Amino acid sequence: MVQKLDTLIETPSQTAGPYVHIGCMPTYAGNAGAYDLEIGESPIADGAQGEVIEITGEVIDGTGWALRDAMMESWQPDAAGKFPGQAGADPKVSGYCRFAADSETGKFTLRTVKPGAVQARSGAMQAPHISVWVVARGINIGLQTRIYFEDEDNSTDPLLNRIEQQNRVQTLIAKKTAEGKYTFNIVLQGDNETVFLDI
Amino acid sequence: MSDRIQDRGPLIPRNRAAHPPAYDIDYKTSVPRSPRWSLLSLESGPSEETGPTFGHEILGEWDNNLIMNWTRGKAPAVGERILVHGRVLDENARPVPHTLVEIWQANAGGRYRHKKDTYFAPLDPNFGGCGRTITDENGYYEFLTIRPGAYPWPNRGNDWRPMHIHFSIFGHAFGQRLISQMYFEGDPLIYRCPIAATIKDRGQLDTLVAPLDMAKARPMDFLAYKFDIVLRGRRQTMFENKLEGM
Ligand SMILES: [Fe+2]
């Protein structure tokens, strides 16, 4: 026998299920008014500094079908690379958003400001990115990924450079379709499967 | 940003063996929705170590009382009255104070109030099915609700979900984000459920089963169940501030 560690084991994840919206996005579930105030409705308030952008996409399964029941959360710093709560952070940026695939079309839209670059613990600068967490029926533990931008310099980003198969880097990069408009699909499985993170 | 010592240092890398694998052939929807390639493992950074925080100003008066919140106190929901309570802790066994806990559940007949739920068990006009609260300085939370019913779901020929309450917990860092489910002591459906069985370690599955807690039950009013939740912790050593390789 050895001494007993005084650490605990993390509670195991279980799927969010098809009705995650009841608890997280009541209006989407058809239950408007369940809460006086729903959280995560927008990551920015009017007057946020920086470029307002719109990212649209789909969450696609291994057969090529767009999920109608996926829910996502995003987390990001403001246009200057400061997270809410840090000194000097833009008070108009909450940085946090909840959004869902449309129940008819599967399309999602995230409207936010383009984030600034943030320094990693190592001192290296990371390219601007938005962290995304995806849950749904059939997803046993929430999937973490990141949205980078094709019109930013991503060449020295530490995470993107850790991807051995550089042909997969493009799965993390939003494509610009017009001024302030990007597309970003999340592919759960199969060809062009998104790089998911354990971080 | 927090100055608490447990909110410094990188997140402890996730012990994936504590969680269900993405792919489980007995949970059919996981088959096309599970990534095939390995996850990219990296040490956490600011994007994972910071996260949204929520204060009491978001909460309404009835938010943690699912018996009354749908009608804002006008009429109680049908069902067996229960208190669900416990603490949110981290892997270092420290309380996680001031964090948002959200729950959702079916009504006493096993029916969800969701535009996509078509099970023929009736809706309860006095039950919405969601609640939320913020842990106190000791990481403690409480909900008053009704015991949810078991319900059938399309998977194998005759699969039923055990009685369960869905939980969503934030912690203080986006990398701690967790969604799970609480089961009830003594429910024979737990060990027949393919979703519960996605957790391969029986000891880990047992941590989702809340025991009856008569010390918290109120006579002539409600039973109680205790459900503690453990989130990822952060590495705390005296070497965390040293330069790489020193
Ligand atoms: Fe459920």
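Rule-based calculations on the coordinates, nothing more; no lab input. Since the structure is predicted, the reported quantities are computational estimates derived from the model, not experimental observations. Methodologically, a virtual Cβ is constructed for each residue, glycine included, from the backbone with ideal geometry; neighbour enumeration extends over all protein chains shown.
Basic side chains Lys and Arg get +1 at the Cβ, acidic Asp and Glu get -1 at the Cβ, and with that the dipole of the protein assembly as shown about its Cα centre reaches some 880 debye. Comparing A:ASP69, A:ASP153, A:ASP78 in a Gaussian network model of chain A where C-alpha atoms under 10 Å apart are linked, the largest mean-square fluctuation is found at A:ASP153. Proximity of backbone amide H atoms, modeled 1.01 Å from N, is registered between B:GLY86 and B:TYR141, B:PHE227 at under 5 Å, excluding neighbours fewer than 5 places apart on the same chain.
Averaging the Cα positions of each part gives two centres, and for the range A:113-187 and the range A:45-67 these lie 12 Å apart. When chain B is modelled as a GNM with alpha-carbon springs shorter than 10 Å, which of B:MET68, B:MET214, B:MET163 fluctuates the most? Of B:MET68, B:MET214, B:MET163, the most mobile in the Gaussian network model is B:MET214. Working from the Cα coordinates of the protein assembly as shown, the gyration tensor eigenvalues give, after taking √(5λ), semi-axes of 34, 25, 23 Å in decreasing order.
Based on the inverse mean of 1/r over its pairs of different Cα atoms, what is the Kirkwood hydrodynamic radius of the range A:20-187, in Å?
Details: mean 1/r = 0.0596 Å⁻¹.
Roughly 16.8 Å, rounded to one decimal.
Looking at chain B as a GNM with Cα springs under 10 Å, which of B:PRO219, B:PRO21, B:PRO211 has the largest mean-square fluctuation? Looking only at B:PRO219, B:PRO21, B:PRO211, the largest GNM fluctuation is found for B:PRO219. The dipole here belongs to the range A:20-187: it is taken about the Cα centre, uses +1 on the Cβ of Lys and Arg and -1 on the Cβ of Asp and Glu, and is about 360 debye.
To the nearest 0.05, what FRET efficiency results for B:ARG72 and A:GLU41 with a Förster distance of 30 Å applied to their C-beta separation? Don't jump to the answer; show the numbers that get you there.
Details: r = 21 Å, r/R0 = 0.70.
After rounding, the FRET efficiency stands at 0.90.
For chain A, excluding the exposed loop sites themselves (GluC sites (Glu not before Pro), DSSP loop, at most 14 other Cβ atoms within 10 Å), the longest remaining stretch covers A:52-103.
Considering only B:ILE179, B:PRO162, A:THR183, and ranking their Cα positions along the charge dipole of the protein assembly as shown that arises from unit charges at the beta-carbon of Lys, Arg, Asp and Glu, the one farthest toward the positive end is B:PRO162.
Stokes-Einstein D for the range B:20-156 at 25 °C, 0.890 mPa s, Kirkwood Rh over Cα pairs, in µm²/s? Could the numbers behind the result be given before it?
Numbers: Rh = 17.9 Å.
Estimated diffusion coefficient is 137 µm²/s.
Look at the dipole of the protein assembly as shown built from charges on Cβ: of A:PRO158, B:GLY129, A:PHE108, the Cα furthest out on the positive end belongs to B:GLY129. Phi-derived couplings, Karplus 6.51 cos²θ - 1.76 cosθ + 1.60 at θ = phi - 60°, listed residue by residue for the range A:139-148: 9, 6, 9, x, 9, 9, 8, 9, 9, 9 Hz, with x used for Gly and Pro.
Relative intensity of the range B:28-83 on a log10 scale, I(q)/I(0) at q = 0.13, 0.18, 0.23, 0.31 Å⁻¹, equals -0.76, -0.79, -0.92, -1.22, per a Debye sum over C-alpha point scatterers of equal strength in the absence of solvent. Annotation: amide H of B:ALA224 within the under-5 Å range of B:LEU83, B:ASP213, B:ALA217, sequence separation 5 or more or interchain, hydrogens built in the peptide plane.
Residues in the range A:182-197 carry Karplus couplings, in order, of 9, 10, 8, 9, 10, 9, 6, 6, x, 4, 6, 4, 4, 6, 9, 10 Hz; the curve used is 6.51 cos²θ - 1.76 cosθ + 1.60 with θ = phi - 60°, and Gly or Pro positions show x. For the range B:128-213, GluC sites (Glu not before Pro) are listed when DSSP marks them as loop and at most 11 other Cβ atoms sit within 10 Å of their Cβ; the list is B:GLU137. Using C-alpha pairs under 8 Å with a sequence gap of at least 6, the mean separation divided by the residue count of chain A gives a relative contact order of 24 percent. Between the range B:210-238 and the range B:1-80, the C-alpha centres lie 16 angstrom from each other. Overall shape: oblate for the range A:141-199, with the ratio a/c of the largest to smallest alpha carbon gyration tensor axis at 1.5 or above and b/c at least equal to a/b. Charge tally for B:GLY139 (other residues, Cβ to Cβ under 10 Å; Lys, Arg +1; Asp, Glu -1): -2. Near A:PHE149, the amide H atoms lying under 5 Å from its own belong to A:ALA174; only residues 5 or more places off or on other chains count, and H is placed 1.01 Å from N.
Quick check: from the Cα gyration tensor, does the range B:1-94 come out rounded (a/c under 1.5), prolate or oblate? Verdict is oblate for the range B:1-94. Scalar couplings 3J(HN,Hα) for the range B:23-32, obtained by applying the Karplus form with A = 6.51, B = -1.76, C = 1.60 to θ = phi - 60°, are 9, 9, 5, 7, 9, 4, 5, 6, 4, x Hz; x denotes Gly and Pro. Note on the protein assembly as shown: dipole from Cβ charges, positive end direction compared against A:ILE39, B:HIS56, B:TYR23; the farthest Cα belongs to B:TYR23.
For the range A:1-93, which chymotrypsin sites (Phe, Trp or Tyr not before Pro) are in a loop by DSSP, counting at most 14 other Cβ atoms within 10 Å?
A:TRP65
Mean residue ellipticity at 222 nm, helices only, the protein assembly as shown: -1000 deg cm²/dmol; runs of at least 4 DSSP H residues each add -39,500 (n - 2.57), and the sum is divided by the number of residues. Simple point charges give the picture: +1 on the Cβ of Lys and Arg, -1 on the Cβ of Asp and Glu, and for the range B:110-149 a dipole about the Cα centre of about 380 debye. Taking label positions 7 Å along the Cα-Cβ direction at both A:GLU51 and B:ASP221, the computed distance is 5.8 nm, reported to one decimal.
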